[in-house]
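Visitor: What follows is a single structure, and I will ask about it in a moment.
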Amino acid sequence: GGTGYTLTASISTPSLSATSTAFNITGGVLDHFKVEKTGGGAIGTQTAGTPFSLRITAQDVNNNTVTSFTSTAPLTSTGTLTGSPVTSGNFVAGVLDPQSVNITNTGSFTITATGSGKTGTSGAFNVNPAALDHFLVEKTGGGAIGTQIAGSAFSLRITAQDANNNTATSFASTATLTS
């Protein structure tokens, strides 16, 4: 797409040429969405529970921006997307930038935009755990600690977790146990 295009036809013998008047090229009909980080490009590594921004572009089959698209697009993710499905803001001339999203679990995920029966999915990106928020204390192997006998040793599993209960893998220290 763009503005101010012209076409020129010419022949060499005899030397003749003609140029059209200026015309504009606009995107065709909606074919898919491009989902990327705000400002453009691949979505980088994120932190669980920390909002980040996307750019979503409505595109035709040739990847031109469909400037006539001004609706919203529901967003879903392979991760735990807060508020999923998230209804995006309205696109302006086929582009929505920024659109804030928040994924609360950890792993490798994608985000998909859907609108007018068309979809588009981001490339995969990683979400890492946030900083230590609390500890989970449970029996070895997981679960509630059952009744114990006074004076007898028993085993525990203690897991450092972030505010969303993801394992806080950056915690590499000791903790003091009290009863």
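Visitor: I'm spelling it out carefully: the read-out is Rg/Rh (Cα atoms, Kirkwood Rh), the candidates are (1) 0.96; (2) 1.31; (3) 1.04, and one was derived from this structure. Which label?
Guide: It is the value labelled (2).
Visitor: Over all distinct alpha-carbon pairs, what is the Kirkwood Rh of the range 1-63 in angstrom?
Guide: 15.7 Å
Visitor: Solvent-accessible area per residue for the range 1-81 at a 1.4 Å probe radius, Å²? All intermediate terms of the calculation are to be shown ahead of the outcome.
Guide: Working: 4660 Å² over 81 residues.
Ligands and nucleic acids excluded, the figure is 58 Å² per residue.
Visitor: Which parts of the range 26-66 would a label at ASP133 reach, counting a residue when its backbone N lies under 18 Å from a point 7 Å out along Cα-to-Cβ?
Guide: Backbone N within reach: 46-52.
Visitor: Additional query: Using a 1.4 Å probe over the heavy atoms of the protein chains, calculate the carbon and sulfur portion of the accessible area of the chain as a whole percent. Don't skip to the end; give the middle numbers.
Guide: Numbers: 5430 of 10510 Å².
Taking all protein chains in place, the chain shows 52 percent carbon and sulfur surface.
Visitor: Something else: If you take all C-alpha pairs in the range 75-179, what percent of them are over 23 Å apart?
Guide: Details: 2680 of 5460 pairs.
That tail contains 49 percent of the Cα-Cα pairs.
Visitor: Kindly provide the chymotrypsin sites (Phe, Trp or Tyr not before Pro) of the range 71-179 that DSSP labels as loop, not H, G, I, E or B, and whose Cβ sees at most 13 other Cβ atoms within 10 Å.
Guide: Working: sites: PHE91, PHE109, PHE125, PHE135, PHE154, PHE171; in loops: PHE91, PHE154, PHE171.
Here the sparse-neighbourhood loop sites are PHE154.
Visitor: If each residue of separation counts as 0.36 nm, what is the full-extension length gain between SER15 and ASN63 once their alpha-carbon separation is subtracted? Provide the component values of the computation, followed by the final result.
Guide: On the way: separation 48, 0.36 × 48 = 17.28 nm, distance 3.72 nm.
The span from SER15 to ASN63 would gain 13.6 nm if fully extended.
Visitor: How large is the dipole of the chain about the Cα centre if only Lys and Arg carry +1 and Asp and Glu carry -1, each at its Cβ, rounded to the nearest 20 debye?
Guide: Values: 6 positive and 7 negative charges, 23 e Å.
Computed about the Cα centre, the dipole is about 120 debye.
Visitor: Which FRET efficiency value, to the nearest 0.05, is calculated for SER173 and VAL95 with the Förster distance at 45 angstrom and r the Cβ-Cβ distance?
Guide: The computed FRET efficiency comes out at 0.50.
The values are calculated or read from the model by the stated rules, or taken from the named source; none is laboratory data. As the structure is a prediction and not an experimental result, all values here were calculated from the model. No Cβ is skipped: glycine too gets one built from the backbone with ideal geometry, and neighbour counts run over all protein chains shown. Surface accessibility is based on the protein's heavy atoms, side chains included, excluding ligands, DNA and RNA. Shrake-Rupley method; radii C 1.70, N 1.55, O 1.52, S 1.80 Å.
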